[in-house]
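Worksheet for the structure shown next.
The values are calculated or read from the model by the stated rules, or taken from the named source; none is laboratory data. Because the structure is a prediction, the values reported are computed rather than measured. Cβ placement follows ideal geometry from the backbone for every residue including glycine, while neighbour counts extend to all protein chains displayed.
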Amino acid sequence: MISRRNAFMAALTALLGVAGPALAASGPIARLDTDNDGTVDLDEAKKAAGALFDKLDTDKDGTLDLKELKGRVTDKEFKAADPDNDGTLSKDEYLAVVEKRFKAADPDNDGTVSAAEIKTHAGRSLGQLLY
């Protein structure tokens with residue numbers, strides 16, 4: 001016969017096995033983690049960034065200027081991301097910045113940003129472009 005303690009431990013272990021990734025994905029990761037695996041991959045990051053781009057594009061011209069970006073990128077970063085030198089970033093140009101910051105926030109190169117990685121300087125910098 002199984003003891004109550006053993007039954008409780010088995011149930012808790014099973015629960016944590018199912019809920020573990022969801023519990024790990026709290027805070028900023030939880031908002032972005034659409035597949036609920038406890039991490040954010042590049043596609044999830046780009047989806048969130050695209051939504052933020054649309055929200056920031058207050059004049060609805062399909063581009064963001066420095067005023068609309070509200071300090072989310074540095075002047076140097078903006079110039080590097082604006083190869084046509086039109087003074088704005090298209091969505092593709094913005095997503096290129098997101099990809100660059102994503103790679104910086106993923107030092108283990110596993111293709112995902114974890115809850116711990118999002119708390120780093122590079123992770124917080126990425127977050128500025130996502131939410």
Next item on the list: Might you let me know whether the stretch 112-129 holds any residue that is in a helix (DSSP H, G or I) and touching a Leu at 6+ places or on another chain (Cβ under 6 Å)?
Entry: no
Margin query: Can you say whether Val98 is free of Cβ contacts under 8 Å to residues at least 60 places away in the same chain, in contact with a Leu (Cβ under 8 Å, 6 or more places away or on another chain) and either part of a helix (DSSP H, G or I) or not polar (S, T, N, Q) (or both), as far as the supplied structure shows?
Written below: yes
Item checked: Scan of the stretch 52-86 for residues that are β-branched (Val, Ile, Thr) and more than 20 Å from Lys100 (Cα to Cα), ordered by number -> Thr58
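Every residue, every condition in (1) closer than 19 Å to Asp57 by Cβ; (2) under 18 Å from the mean Cα position of the chain (by Cα); (3) surrounded by 20 or more Cβ atoms within 10 Å (Cβ to Cβ), yes or no:
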site	(1), (2), (3)
Asp75	no, no, no
Asp92	yes, yes, no
Phe102	no, yes, yes
Asp108	no, yes, no
His121	no, yes, no
Leu129	yes, yes, yes
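For every residue, the table says whether it meets (1) under 24 Å from His121 (Cβ atoms); (2) touching a residue at least 24 places away in the same chain (Cβ under 8 Å); (3) of a type outside the set (Gly, Ala, Ser); (4) assigned to a strand (DSSP E or B).
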site: Phe53; (1), (2), (3), (4): yes, yes, yes, no
site: Val73; (1), (2), (3), (4): yes, yes, yes, no
site: Lys79; (1), (2), (3), (4): yes, no, yes, no
site: Asp86; (1), (2), (3), (4): no, no, yes, no
site: Tyr94; (1), (2), (3), (4): yes, yes, yes, no
Notebook entry, point to check: Condition test on Thr63, is it touching a Leu at 6+ places or on another chain (Cβ under 9 Å), at pLDDT 95 or above, surrounded by 15 or more Cβ atoms within 10 Å (Cβ to Cβ) and more than 20 Å from Asp43 (Cβ to Cβ)?
Noted result: yes
